[in-house]
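Okay, structure first, notes after.
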């Protein structure tokens, strides 16, 4: 299957790119939006590229690159009554929620900010630049991926 690309959002106070750099690999759990879940469950494959986006900051943006290292599997945090992502409607024999594992690849020399993304030709179709978009996992086209990766090579 052809390599695909994704943007995955996380609040740095919950799990930051620095946390991923330290941990090397993590499960991407707690996604509780059906469209984002469907992207992870139905489309994400091992070796897919990931742009790690810090949301809920004064200036949000993409902090670095990661990749998918394990395709979707049931999000067991949904069954843990002590976990903030607990969902009483999900159960292990018929899971509602899924997660993937992601691995640190590299930190960008500087944050690629949301205001920058909005100004770059070729990125106007990205979900993250659309007004009111709150989707935590969204596809990135190969052309958009290339634009962002090339941009990061020019950052200092």
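Please treat every number below as a calculation from the coordinates, not as lab data. Being a predicted model, the structure only gives us computed values, none of them experimental. Counting neighbours? That spans all protein chains shown, and the Cβs are built from the backbone with ideal geometry, glycine included.
For the chain, the longest principal axis of the Cα atoms and the long axis of helix 142-154 meet at an angle of about 60 degrees.
For the chain, what does the relative contact order come out to in percent, with C-alpha contacts under 8 Å and a separation of six or more?
Working: 302 pairs, mean separation 45.7, N = 156.
Once normalised by length, the contact order is 29 percent.
Placing a label point 7 Å from the Cα of residue 86 along the Cα-to-Cβ line, the residues of region 24-39 whose backbone N sits under 16 Å from it are 30.
Give me 6, 145 sorted ascending by neighbouring Cβ count inside 10 Å, so fewest comes first.
Working: 6 26, 145 19.
With the fewest neighbours first, 6, 145 line up as 145, 6.
Counting only DSSP beta bridges with both residues in region 1-67, the antiparallel share comes to about 50 percent.
Here 44, 57 are placed in order of increasing Cβ neighbour count within 10 Å, fewest first, which gives 57, 44. A straight line joining the Cα centroids of region 72-126 and region 1-41 runs 3 Å.
State whether region 1-95 is rounded, prolate or oblate according to the following rule on the C-alpha gyration tensor (a ≥ b ≥ c being the square roots of its eigenvalues): a/c under 1.5 gives rounded; otherwise a/b larger than b/c gives prolate, and the remaining case gives oblate. Oblate, because a/c is 1.5 or more while a/b does not exceed b/c. Placing a label point 7 Å from the Cα of residue 42 along the Cα-to-Cβ line, the residues of region 95-116 whose backbone N sits under 19 Å from it are 95-100. Using just its DSSP H runs of length 4 or more, each adding -39500 (n - 2.57), the chain gives a mean residue ellipticity at 222 nm of -5000 deg cm²/dmol after division by all residues.
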